[in-house]
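S.K.: Can you read through this structure? Questions will come right after.
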Amino acid sequence: MTERPYVLLSCATSLDGYLDDASGQRLLLSNEADLDRVDEVRAGCDAILVGAGTVRRDDPRLLVRSARRRAERVARGLPASPTKVTVTGCGDLDPAARFFTTGDAERIVYCATPAVEKTGERLAGRATVVDAGEPVDPAWALADLAARGVDRLMVEGGANVLGQFLTAGLADELHLVLAPFFVGDGRAPRFVGDGSFPWHPGRRARVAETRQIGDVVLVRYALSERCDAG
């Protein structure tokens, strides 16, 4: 791979590192002020990527919420919201999910080779289904997004996808928001699982910014030389 978009990872966790609890209902980790910050970051990106598990579990719309920000994007000749991207190994995606039915943004599904045909049939008219290898190769998917004109990609989860981008060294920046409480349940999903990460005690990530936003704290980490400390 010789070219890829700038990759910004974004997530919120509890103080003990959980992305959610085990209740089956989505745990609200952030607050309204931080959600507005996330919306601003979204509006500045060309595409937003989440894993298929997040599409199934959270049914996200992945749209820019602010009418002003949508209008500003349109005034610049862009779609109101960034391109929506997901990755799947099995193709188990509901064409009625809000990922596919809300907004006018382009939708791209990077799919493992064995499931491409059935996924293309299931999502016909809803999304562009792309064969991304077996298993799905995130580096190849990034190169393909770059070829489609995506210069800045926001990755919002879930845990498996975040872990894949981090362990592969494919992230330039991490926005980590800490909520002021604990989950304390080993059944719940953590930020990332086990893996070999490029950042370790001998190669520490650089803190680019810390900011209190109401009752949560944003820590912005520079993970590559492409990240501007300002």
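The values are calculated or read from the model by the stated rules, or taken from the named source; none is laboratory data. Predicted, not measured: the structure shown is a model, and the values here were computed from it. Note that each Cβ is placed from the backbone with ideal geometry, even for glycine, and that neighbours are counted across all protein chains shown. Heads up: the accessible areas ignore ligands, DNA and RNA and are worked out on the full protein's heavy atoms, side chains in. Shrake-Rupley method; radii C 1.70, N 1.55, O 1.52, S 1.80 Å.
S.K.: Kindly establish whether residue 183 is farther than 26 Å from residue 227 by Cβ, among the β-branched types (Val, Ile, Thr), in a loop (DSSP other than H, G, I, E, B) and in contact with an Asp or Glu (Cβ under 6 Å, 6 or more places away or on another chain).
M.R.: Yes.
S.K.: Separate question: Check off (1) outside any loop (DSSP other than H, G, I, E, B); (2) open to solvent by 60 Å² or more (accessible area, probe 1.4 Å) for residue 50 and give me the number that stays unchecked.
M.R.: Unmet for residue 50, out of (1) outside any loop (DSSP other than H, G, I, E, B); (2) open to solvent by 60 Å² or more (accessible area, probe 1.4 Å): (2).
S.K.: Related question: Of all residues in the stretch 127-149, which are open to solvent by 10 Å² or more (accessible area, probe 1.4 Å) and outside any helix (DSSP H, G or I)?
M.R.: 127, 128, 129, 130, 131, 133, 134, 135, 136, 137, 148, 149
S.K.: From 102, 113, grab the single residue that is under 19 Å from residue 58 (Cα atoms) and not hydrophobic (A, V, I, L, M, F, W, C).
M.R.: 102
S.K.: Report, by residue number, each residue of the stretch 170-213 that is open to solvent by 30 Å² or more (accessible area, probe 1.4 Å) and either closer than 17 Å to residue 142 by Cα or aliphatic (A, V, I, L, M) (or both).
M.R.: Of everything in the stretch 170-213, those that are open to solvent by 30 Å² or more (accessible area, probe 1.4 Å) and either closer than 17 Å to residue 142 by Cα or aliphatic (A, V, I, L, M) (or both) turn out to be 178, 183, 192, 205, 207.
S.K.: May I ask you to verify whether residue 43 is among the small types (Gly, Ala, Ser), under 27 Å from residue 219 (Cβ atoms) and without any contact (Cβ under 8 Å) to a residue 40 or more places away in the chain?
M.R.: yes
S.K.: If a residue must be open to solvent by 20 Å² or more (accessible area, probe 1.4 Å), acidic (Asp, Glu) and under 18 Å from residue 82 (Cβ atoms), how many such residues does the stretch 20-41 contain?
M.R.: Matching residues across the stretch 20-41 total 2.
S.K.: Would you call residue 44 buried (at least 19 other Cβ atoms within 10 Å of the Cβ), at pLDDT 95 or above and more than 13 Å from residue 177 (Cα to Cα)?
M.R.: No, not satisfied.
S.K.: Now for a different question. For the stretch 96-119, name all the residues that are assigned to a helix (DSSP H, G or I) and open to solvent by less than 30 Å² (accessible area, probe 1.4 Å).
M.R.: Selection gives 99, 100, 115, 119.
S.K.: All but one of (1) open to solvent by less than 20 Å² (accessible area, probe 1.4 Å); (2) modelled with pLDDT of 95 or more hold for residue 158, so report the exception by its number.
M.R.: For residue 158, the exception is condition (2).
S.K.: Quick one: count up the residues across the stretch 64-95 that are open to solvent by less than 30 Å² (accessible area, probe 1.4 Å), farther than 26 Å from residue 117 by Cβ and aliphatic (A, V, I, L, M).
M.R.: Total meeting the criteria: 1.
S.K.: Of all residues in the stretch 170-215, how many are touching a strand residue (DSSP E or B) at 6+ places or on another chain (Cβ under 7 Å) and acidic (Asp, Glu)?
M.R.: The total comes to 3.
S.K.: Taking residue 97, is it closer than 20 Å to residue 54 by Cβ and more than 16 Å from the chain's Cα centre (by Cα)?
M.R.: Spelling it out, residue 97 is indeed closer than 20 Å to residue 54 by Cβ and more than 16 Å from the chain's Cα centre (by Cα).
S.K.: When only residues in the stretch 61-85 that are touching a residue at least 40 places away in the same chain (Cβ under 8 Å) and assigned to a loop (DSSP other than H, G, I, E, B) count, which is nearest to the chain's Cα centre (by Cα)?
M.R.: Taking the candidates together, the pick is 62.
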